[in-house]
Amino acid sequence: MPLSQEFDVLSHIEDMPLSGRSSLARESLRRQAIAMVRDESLLEAAYSYSIAKLTQPAAKGNQILYLEGATLSAPKLIPESGQLTALAFVVATIGNKIEQRITVLFAEKRASLAVALDELANQLLFATARVAGDRIHADVTSQKLTMAGELHAGDPGLELDAQCTVLRLAKAQNIGVGLKGDHLMTPLKSGSMVFGVGIDLPAVSWSRCDQCPSRARGKCQAGGNADALIK
């Protein structure tokens with residue numbers, strides 16, 4: 001069960017352009033947010049993942065995938081060709097400190113900086129997930145296997161109720177990630193993913209973003225499939 005808590009994702013995104021309309025004021029706030037994260041050691045990036053083998057062959061038309069110690073309804077991950085042999089479960093987080101600092105900034109009526117820090121936090125979480133995705137891909141390819149598809153609990157094709165199973169199989173507790181109630185992850189700036197793993201899996205024709213309104217407006221920063229995540 002690989003996990004990592006010692007890597008720098010802040011340097012990965014420092015030079016990324018701002019999303020949406022840029023301005024001198026927004027760029028200044030972003031620089032302040034980056035300095036705050038670095039100077040106050042707010043970033044606690046970590047990820048954990050596992051690859052769970054299927055205990056029964058996957059076949060088109062089946063809704064349930066049978067894994068070692070769990071079942072999951074994720075028919076979108078069953079490929080048109082090739083052979084699905086396992087699922088990779090991953091959880092990523094940037095910890096609690098940034099969220100707590102955002103709350104303090106709002107309380108201090110520094111809303112503009114709080115919003116800039118929140119935007120930066122979302123980019124940091126996505127960058128952490130990319131690092132995890134790259135690590136899984138390297139692990140999978142070293143075993144001469146392929147990886148395709150990406151689903152998050154709550155996406156079309158993976159019910160939100162699957163979140164508990166996803167986190168359990170990803171060993172989320174090892175990096176301090178849990179659930180509040182049935183669905184809300186803690187820390188808030190955390191995310192989970194499920195990938196298909198197998199032999200000669202084809203690139204998927206669907207995206208988890210297909211039905212998202214932000215996709216049409218060009219505002220979505222999330223990757224739609226494994227290939228997008230690992231590039």
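Nothing in this text is a laboratory measurement; each read-out follows from the coordinates by a stated rule. Note that the coordinates shown come from a computational prediction; the quantities given were computed from them, not determined experimentally. As a convention, Cβ positions derive from the backbone with ideal geometry for all residues, glycine included, and neighbour counts pool all protein chains shown.
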Across 5 Å bins from the origin, how do the percents of Cα pairs in the chain run, short distances first? 1, 7, 14, 18, 19, 16, 12, 7, 4, 3, 1, 0
GNM on the chain, Cα springs under 10 Å; top mean-square fluctuation among 17, 187, 202 goes to 17
If I take the Cα coordinates of region 36-75 and project them onto the principal axes, what are the three extents in Å, biggest first? 52, 18, 11
Using 7 Å Cα-to-Cβ label points, what is the residue 60/residue 28 separation (nm, one decimal)? 5.9
For a footprinting-style exposure proxy, rank 197, 131 by other Cβ within 10 Å, fewest first. 131, 197
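Going from the alpha-carbon gyration tensor of region 91-161, what semi-axes, largest first and in whole Å, does one get by taking the root of 5 times each eigenvalue?
Working: eigenvalues 221, 46, 16 Å².
Over the Cα atoms of region 91-161, the semi-axes work out to 33, 15, 9 Å.
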HN-Hα J in Hz across region 68-73 - Karplus 6.51, -1.76, 1.60, θ = phi - 60°, x for Gly and Pro: 5, x, 6, 10, 8, 8
Cα extents of region 24-103 along the principal axes, largest first, in whole Å, come to 53, 28, 21
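Kirkwood hydrodynamic radius (Cα pairs, Å) of region 2-55? Show your work: numbers first, answer last.
Values: mean 1/r = 0.0724 Å⁻¹.
For region 2-55, the Kirkwood estimate is 13.8 Å.
Using a Förster distance of 35 angstrom, determine the FRET efficiency expected from the C-beta separation of residue 142 and residue 110, and round it to 0.05.
Numbers: r = 47 Å, r/R0 = 1.34.
The computed FRET efficiency comes out at 0.15.
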Return the calculated 222 nm mean residue ellipticity for the chain, to the nearest 500 deg cm²/dmol, obtained by summing -39500 (n - 2.57) across DSSP H runs with n ≥ 4 and dividing by the residue count. -10500 deg cm²/dmol
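What is the diffusion coefficient of region 1-134 in µm²/s, taking the Kirkwood radius over Cα pairs and the Stokes-Einstein relation at 37 °C with a viscosity of 0.692 mPa s? Don't skip to the end; give the middle numbers.
On the way: Rh = 17.4 Å.
D, rounded to a whole number, is 189 µm²/s.
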